[in-house]
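The values are calculated or read from the model by the stated rules, or taken from the named source; none is laboratory data. Please read these numbers as outputs of a predicted model, since none were measured by experiment. Protein only, heavy atoms only, side chains kept; ligands, DNA and RNA dropped before computing areas. Shrake-Rupley method; radii C 1.70, N 1.55, O 1.52, S 1.80 Å.
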Amino acid sequence: MNETIKSILSRRSIKEYKPEQIKAEELEMILLAGRYAPPGMNKQPWLFVVIQSKDVLLKIINVILQRNRPKNMPAPPPGQRRPNPLETAPTLIIVFGQDDMFTTIYDCTLAMGNMMITAASLGIGSNWVHAVVKDLFTSEEGKTLKKEWGVPDEYIPYAAAVFGYKAAEPTERSPRKDGVVKIIN
């Protein structure tokens, strides 16, 4: 089995990270892998926003937690809930895409997949964060952040994941489902 396949098969979603920031050269490799994802008609419609500011990450977490908590329900104290990967990971990458062609969603998610596999090959953990794409940019705070980051209006968030060094090894992977492959000859 080659190293690429080993990285794909061993990649896991990591929930807790060491506080140290990933090395600049590792981040460059991860982003390069994203840029080399196969885009439809080679349009390369993506824009990668890398957030390593703890203050900005905390702002994002607060917006998401407020939007996902039922009204009139106070936030649980930090020690009484499972840590959110956004709280412990030192890096968040959001892939925005120019929404002018039908392949953009696929192009952007393939780019994120490449980045997550590359991170695994470098010994860096990652975790897809749906709430950033689904909830953050529908809020006024999220729209303000997008503007502050210089992301053009026509770019839509399609993928987001956190990256960092694992604080602990993940639990065993659950078995893969059988009967999910059909080969037509």
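With the chain treated as a Gaussian network of Cα nodes joined by springs under 10 Å, which of M115, M101, M41 yields the largest mean-square fluctuation?
With Cα springs under 10 Å in the chain, the top fluctuation among M115, M101, M41 is at M41.
5 Å is the cut-off here: which amide hydrogens, built 1.01 Å from N in the peptide plane, fall below it relative to T91, excluding neighbours closer than 5 in sequence?
Under 5 Å from the amide H of T91 lie the amide H atoms of F163, each far enough along the sequence or on another chain.
Per residue of the chain, what 222 nm ellipticity follows from adding -39500 (n - 2.57) for every DSSP H run with n ≥ 4, rounded to the nearest 500? Display every interim value, and only then the final one.
Values: 7 runs with 71 residues, N = 185.
After summing the helix terms and dividing by residue count, I get -11500 deg cm²/dmol.
What would the Debye equation give as log₁₀ I(q)/I(0) for the stretch 85-185 at q = 0.19, 0.22 Å⁻¹, counting only Cα atoms as equal point scatterers?
-1.04, -1.20
Could you please state how large a percent of the accessible area of the chain is carbon and sulfur, counting protein chains only and using a 1.4 Å probe? Intermediate values should be presented prior to the final figure.
Values: 6230 of 11380 Å².
So the carbon and sulfur contribution to the accessible surface is 55 percent.
Quick query: amide H of A160 versus all other amide H atoms, modeled in the peptide plane; which residues come in under 5 Å with a sequence gap of 5 or more or a different chain?
So A160 has HN proximity to V95, V129.
Looking at the P(r) of the chain, how many percent of alpha-carbon pairs lie beyond 23 Å? Walk me through the intermediate numbers first.
Numbers: 8006 of 17020 pairs.
In whole percent, the long-distance tail amounts to 47.
Could you work out the pair-distance distribution P(r) of the stretch 1-65 from its alpha-carbon pairs, with 5 angstrom bin width and percents rounded to whole numbers?
3, 11, 13, 21, 21, 17, 10, 3, 1
What list of ³J(HN,Hα) values in whole Hz, one per residue of the stretch 127-132 in order, does the Karplus curve 6.51 cos²θ - 1.76 cosθ + 1.60 (θ = phi - 60°) give from phi, with Gly and Pro shown as x?
Once rounded to whole Hz, the list reads 7, 5, 10, 4, 4, 4.
Using θ = phi - 60° and the Karplus form 6.51 cos²θ - 1.76 cosθ + 1.60, what ³J(HN,Hα) does each residue of the stretch 168-177 get, whole Hz, x for Gly and Pro?
Per-residue couplings from phi come out as 7, 6, x, 5, 4, 5, 6, x, 6, 5 Hz.
What span do the alpha-carbon atoms of the stretch 138-185 cover on each of the three principal axes, reported in whole Å from largest to smallest?
Rounded to whole Å, the extents work out to 48, 40, 17 Å.
Given a cut-off of under 8 Å on Cα pairs at least six residues apart, what relative contact order in percent is computed for the chain? If you can, show how the numbers build up before the last one.
Numbers: 280 pairs, mean separation 66.8, N = 185.
For the chain, the relative contact order is 36 percent.
Return one whole number: the accessible area per residue of the chain in Å², for a 1.4 Å probe. Don't skip to the end; give the middle numbers.
Values: 11380 Å² over 185 residues.
Per residue, the chain has 62 Å² of solvent-accessible surface.
Exceeding 26 Å between C-alpha atoms, which entries from my cross-link table qualify? They are K6/K182; K15/K147; K15/K182; K54/K166; K54/K146; K43/K146. Provide the component values of the computation, followed by the final result.
Details: K6/K182 24 Å; K15/K147 29 Å; K15/K182 33 Å; K54/K166 17 Å; K54/K146 17 Å; K43/K146 22 Å.
Checking Cα-Cα distances, K15/K147; K15/K182 exceed 26 Å.
Enumerate the helices in the chain for which the Kyte-Doolittle hydropathy averages -0.5 or more and the C-alpha atoms extend at least 15 Å along the helix's axis, using complete DSSP H runs. Intermediate results must be reported in sequence, preceding the final value.
Details: long enough: 24-35 (16 Å, 0.50); 54-68 (21 Å, 0.47); 104-121 (26 Å, 0.82).
Within the chain the helices that satisfy the rule are 24-35, 54-68, 104-121.
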